[in-house]
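Participant: One structure, pasted below without further comment.
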């Protein structure tokens, strides 16, 4: 029996379809993996015994300057230009992650207890903060992370300003990549938390007997 071969015109559409599918597989970008996400969670030191006269302190929701108010991780290679890592980001905005860390640091010192929502007693003090900078700087070698925080301490009831200050910590990165920056950022935040807890104790304890101060 003689078998008839398919004609060229019958095979052409099939060949064209095969080439099209192959081209799509070659040219289509691979599926984008989700970005790596990181947290601000500096290690906790040992807590001091709580003072029986510990004052309540309200931690206002921290703010952040433009460029540092999102979850993208910032870095700089030259002055005045902020860039962001494409595949690495914070799991939440640094400002939102900072709020509970501030409360923990203040309570750890033993002089304060963080006010909880719904309390019937007004807090004695109020702490307001704003992130000025949280960035990995590749203009230095090794790269470093700079964390700058502005704080204002107020008397709780009358909202009288007791003190204002700006805190800054710069930590070298253990590696020249975003993860090294995360490690350095947590170290810098830990340093600032310790400093701000001491500052609040110095300016907030027995504030009714003192006068407003500014640093």
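Participant: Can you tell me which condition residue 118 does not meet? The list is (1) surrounded by fewer than 20 Cβ atoms within 10 Å (Cβ to Cβ); (2) touching a strand residue (DSSP E or B) at 6+ places or on another chain (Cβ under 8 Å); (3) outside any strand (DSSP E or B); (4) modelled with pLDDT under 95, and all the others hold.
Facilitator: If we test residue 118 against (1) surrounded by fewer than 20 Cβ atoms within 10 Å (Cβ to Cβ); (2) touching a strand residue (DSSP E or B) at 6+ places or on another chain (Cβ under 8 Å); (3) outside any strand (DSSP E or B); (4) modelled with pLDDT under 95, just (2) comes out false.
Participant: While we're on this one: Checking the condition part of a helix (DSSP H, G or I) and at pLDDT 95 or above, which residue from 149, 102 passes?
Facilitator: Checking each option against the conditions leaves just 102.
Let's see how each residue does on (1) in contact with a helix residue (DSSP H, G or I) (Cβ under 8 Å, 6 or more places away or on another chain); (2) buried (at least 19 other Cβ atoms within 10 Å of the Cβ); (3) farther than 24 Å from residue 38 by Cβ; (4) without any contact (Cβ under 8 Å) to a residue 60 or more places away in the chain:
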{"position": "152", "(1), (2), (3), (4)": "no, no, yes, yes"}
{"position": "156", "(1), (2), (3), (4)": "no, yes, yes, no"}
{"position": "162", "(1), (2), (3), (4)": "yes, yes, yes, yes"}
{"position": "165", "(1), (2), (3), (4)": "yes, no, yes, yes"}
{"position": "170", "(1), (2), (3), (4)": "yes, no, no, yes"}
{"position": "173", "(1), (2), (3), (4)": "yes, yes, no, yes"}
{"position": "176", "(1), (2), (3), (4)": "no, no, no, yes"}
{"position": "184", "(1), (2), (3), (4)": "no, yes, no, yes"}
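Participant: Going through 123, 212, 174 one at a time, which residue ends up being over 19 Å from residue 68 (Cα atoms), modelled with pLDDT of 90 or more and in a loop (DSSP other than H, G, I, E, B)? Explain how you work it out, then say what you get.
Facilitator: Numbers: 123 fails: modelled with pLDDT of 90 or more; 212 fails: modelled with pLDDT of 90 or more.
174 is the lone residue from the list that is over 19 Å from residue 68 (Cα atoms), modelled with pLDDT of 90 or more and in a loop (DSSP other than H, G, I, E, B).
Participant: Going through 65, 50 one at a time, which residue ends up being surrounded by 10 or more Cβ atoms within 10 Å (Cβ to Cβ), at pLDDT 95 or above and out of contact with any helix residue (DSSP H, G or I) (no Cβ under 6 Å at 6 or more places or on another chain)?
Facilitator: 65
Participant: In this structure, is residue 185 modelled with pLDDT of 95 or more and over 22 Å from residue 88 (Cα atoms)?
Facilitator: The answer is no for residue 185.
The values are calculated or read from the model by the stated rules, or taken from the named source; none is laboratory data. Treat the numbers as computed from the prediction; the structure is a model and nothing was measured. Methodologically, a virtual Cβ is constructed for each residue, glycine included, from the backbone with ideal geometry; neighbour enumeration extends over all protein chains shown.
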